[in-house]
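Structure, as structure tokens:
Each value in this text was obtained by applying a stated rule to the coordinates, not by laboratory testing. None of the values given here were measured: they were computed from a predicted structure. Here Cβ is always computed from backbone atoms with ideal geometry, including for glycine, and neighbour counts include all displayed protein chains.
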Amino acid sequence: MGKSVMKACRQIGVTDKAYYRWRREYCRLEVDQFRRMKELEAENARLKRIVAKQALDNAIQKEAATGNF
């Protein structure tokens with residue numbers, strides 16, 4: 001027989017509220033849509049790291065150009 005949602009959530013260490021939020025967000029997605037979403041999230045994270053690194057490089061160059069180092 002199946003477990004209740006609360007028991008299953010407790011066993012894996014998440015709240016039932018998190019489960020229902022996850023279910024509302026992801027239950028309508030097909031497997032390929034979910035896979036594509038994860039790929040896009042990974043690409044987005046990679047691009048954010050690139051932009052952050054470029055902004056830091058620009059700030060360092062700007063500071064070095066003014067002689068405040």
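Toward the positive end of the charge dipole of the chain, about the Cα centre and with charges on Cβ (Lys, Arg +1; Asp, Glu -1), which of Gln61, Leu29, Ala42 goes farthest?
Selected residue: Leu29.
If we count trypsin sites (Lys or Arg not before Pro) as exposed when they sit in a DSSP loop and have at most 12 other beta carbons within 10 Å, what is the longest stretch of the chain that avoids them all? Don't jump to the answer; show the numbers that get you there.
Numbers: sites that count: Lys3, Arg28.
Of all site-free stretches, the longest is 29-69.
What residues have an amide H closer than 5 Å to that of Val14, excluding those fewer than 5 places away on the same chain, when H is modeled at 1.01 Å from N in the peptide plane?
Amide H neighbours of Val14, under 5 Å, 5+ apart: none.
Report the FRET efficiency, 1/(1 + (r/R0)^6), for Tyr19 and Lys48, where r is their Cβ-Cβ distance and R0 is 30 Å, rounded to 0.05. Walk me through the intermediate numbers first.
Working: r = 28 Å, r/R0 = 0.94.
E between Tyr19 and Lys48, to the nearest 0.05, is 0.60.
For Rg/Rh (Cα atoms, Kirkwood Rh), several values are listed as [x] 1.09; [y] 1.34; [z] 1.16; flag the one computed from this structure.
Matching the structure shown: [y].
Using a Förster radius of 25 Å, what is the FRET efficiency between Val31 and Ala8 based on their Cβ-Cβ separation? Nearest 0.05, please. The partial results should precede the final answer.
Numbers: r = 21 Å, r/R0 = 0.85.
According to the calculation, E is roughly 0.75.
Where does the chain land at 222 nm, in deg cm²/dmol rounded to the nearest 500, when only DSSP H runs of n ≥ 4 count, each adding -39500 (n - 2.57), divided by all residues? Kindly include the intermediate steps, with their values, before the conclusion.
Values: 3 runs with 55 residues, N = 69.
It comes out at -27000 deg cm²/dmol, rounded to the nearest 500.
Tally Lys/Arg at +1 and Asp/Glu at -1 over every other residue whose Cβ is under 14 Å from the Cβ of Tyr26; what's the total?
Numbers: positive: Arg21, Arg23, Arg24, Arg28, Arg35, Arg36, Lys38; negative: Glu25, Glu30, Asp32, Glu41.
Cβ neighbours under 14 Å give a net charge of +3.
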